[in-house]
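Below is one structure; the comments refer to it alone.
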Amino acid sequence: MKLNIKTYYHSKDIPDNIKGDNFFHSKEFFTICEKTPGYQPLFFIAYENERPIGQLLGIIRKSIRKFPPSLIKRCEIYGTGEYEKNYPQEDIFKELLHSLTLTAIKKCFLIEFRNLDNPLFAYKHFRANQYFPINWLRIHNSLHSKKPEERLSSSRKKQIKSGLKNGASIHIAQDKNEIQAFLKLLKKYYASKVRKHFPNIKFFLELVNEYPQTGKIFIVKYKNKIIGGSFCIFSNDNAYLWFSAGLRKSYPRQYPGILAVWGALTYAYDNGYKHMEFMDVGLPFKYYGYPDFILRFGGIQYGTRRWFRFRWKWLNRIITKCYI
C-alpha cells in the first residue's frame, strides 16, 4: 500500500472531504486551536491515491513552567488518530507518526502522545521514532449498563443530595457573561496547579459558541453566584471531562466540585454516551487526591502509558534507559 502524507498548517487549506467522528483529530478542532493564542495545530493526512484514509492532529503550544522558570514549546496529540475502516491502522499510523515527528521536533522541544485507548498500539513504531513510554493512570465511567447514581459510593450520594438540598443548582451555561465568569473562576483555580495547563479563554469560547453540541460548560450556582463548574468535550460515543473546579472551602455545604462532575455525568448518561473519561488523571507512582475523588463516582481505574520524545537526542537516550 503506497501512501502519500500531506501536512496542513492552515484550516483554509484542508479539503472539505476530510471528515471523521473523532473530534480530537478533526478539522473542527484544528480550526479552534488555530484561533487560540499560543496554539499552532499541525494536521497530517494519509492518502491512498486521492482518498484520505487516516488523519493525525498535533497541537503545538507554549508551556510555561514556574518550577523551574522556563518557557518551552510542546506538541500534544490526543490518541493515535482516526482511520478508515478495513485499512491496517498501524501501517498508516507508522507513516503519519514519522511525518509528525520530523515536522514537530523542529518546532518544539517535546512531543507527547496522551489518552491512548490501547497502550500497546504501535509500540515498535514509537520506539523506532525514538519515543519512550511512561506509565500513566486512566479513569473512565461506564454509562451504558447502569444509571450513574447506582455506581456512586454511599458518601458521594449523601454529598450530592446535601449540596442540592442546601440550595446549589446545576445547569448548562448558555449566557455569554455566565460563561466568561465561570472561565475566570476556572483560570484562577488552575493557576495554582503546577502541572496543569489552562488554555487561553478564547479556546473555550470558540468551542462552546461554534460547536455547542461538542463543547459544553456545566455551571454550579448558589444564590445566583457561580461557585463551580466543569468543561466537557463530547466526541463519538464518549464524553471527556477536561476541566472542573469548585469553591469547596467557601461553600463546603454545597459541594460545588462534586456537583460540577455530577452535572456532566448525568448529562452524558441522559444523552446516550457510553463512557465518560477524566482527562489527565495523573501518574501511577505518585499520590494525587484527584483519582480518589473521581473514583467515588463509580469509575474504573486502569493503567495506560504516554509516549514522549525530546528534541535533544542525548536527553532522550538518558530517559529511555531509565524507563525501558
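The reciprocal of the average 1/r between distinct C-alpha atoms defines the Kirkwood hydrodynamic radius, which for region 144-186 equals 12.9 Å.
Per residue, the accessible area of the chain comes to 50 Å², computed with a 1.4 Å probe over protein heavy atoms only.
Peptide packing for 47-55, 256-264, 111-119 was compared via the average number of neighbouring C-beta atoms within 10 Å per residue; ordered from the highest value, the list is 256-264, 111-119, 47-55.
Annotation: amide H of residue 305 within the under-5 Å range of 116, 136, sequence separation 5 or more or interchain, hydrogens built in the peptide plane. Alpha-carbon geometry of region 103-188: the Rg and the Dmax are 21.0, 57 Å, given in that order. Relative to the first principal axis of the alpha-carbon coordinates of the chain, what is the inclination of helix 313-323, with its axis defined by its Cα atoms, in degrees from 0 to 90 and to the nearest 10? It works out to around 60 degrees. Taking the C-alpha atoms only, the angle from helix 176-190 to the longest principal axis of the chain is near 80 degrees. A full extension of the chain between residue 1 and residue 144 corresponds to an added length of 47.7 nm, given 0.36 nm per residue minus the alpha carbon distance. The distance separating the Cα centre of region 133-204 from that of region 26-55 comes to 28 Å.
When the chain is treated as a Gaussian network with alpha carbon springs shorter than 10 Å, the biggest mean-square fluctuation among 35, 19, 106 belongs to 106. Taking the charge dipole of region 215-267 about its Cα centre, with +1 at Lys and Arg Cβ atoms and -1 at Asp and Glu Cβ atoms, the residue from 256, 217, 243 reaching farthest to the positive side is 256. Among 299, 246, 167, determine the one that fluctuates most according to a GNM of the chain built with springs between C-alpha atoms less than 10 Å apart. Looking only at 299, 246, 167, the biggest GNM fluctuation is shown by 167. Taking each of 12/107; 107/188; 184/216; 158/249 in turn, the alpha-carbon distance tops 23 angstrom for 107/188.
Shape verdict for region 189-270, please, from the Cα gyration tensor: rounded (a/c under 1.5), prolate (a/b greater than b/c) or oblate. Cα axes put region 189-270 in the oblate bin. Mean separation of Cα pairs under 8 Å and 6 or more residues apart, divided by the residue count, gives the chain a relative contact order of 21 percent. Shown is the FRET efficiency for residue 176 and residue 223, computed with R0 = 25 Å from the Cβ-Cβ distance and rounded to the nearest 0.05: 0.70. A simple spin-label model places pseudo-atoms 7 Å from Cα toward Cβ; at residue 157 and residue 10 they are separated by 5.8 nm. Phi angles of region 153-168 translate, via the Karplus equation with coefficients 6.51, -1.76, 1.60 and θ = phi - 60°, into HN-Hα couplings of 6, 4, 5, 5, 4, 5, 5, 5, 4, 5, x, 6, 5, 8, x, 7 Hz per residue; Gly and Pro are given as x. If only the Cβ of Lys and Arg carry +1 and only the Cβ of Asp and Glu carry -1, the dipole of the chain around its Cα centre is close to 1820 debye. When the residues 270, 292 are ordered by accessible surface, computed with a 1.4 Å probe over the protein chains alone, the sequence from largest down reads 270, 292.
Amide H contacts for residue 80 (H built 1.01 Å from N in the peptide plane; partners 5 or more residues away or on another chain; cut-off under 5 Å): 117.
The charge dipole of region 1-51, taken about its Cα centre with unit charges on the Cβ of Lys, Arg, Asp and Glu (plus for the first two, minus for the last two), comes to roughly 80 debye.
Taking 27 Å as the limit for the C-alpha separation, the pairs 19/94; 196/221; 165/196 exceed it in the case of 165/196.
The values are calculated or read from the model by the stated rules, or taken from the named source; none is laboratory data. This is a predicted model, so every value here is computed, not measured. Positions of Cβ are generated from backbone atoms using ideal geometry, with glycine treated the same way; all protein chains shown enter the neighbour counts. Quick note on the areas: whole protein, heavy atoms, side chains included, nothing else; ligands and nucleic acids left out. Shrake-Rupley method; radii C 1.70, N 1.55, O 1.52, S 1.80 Å.
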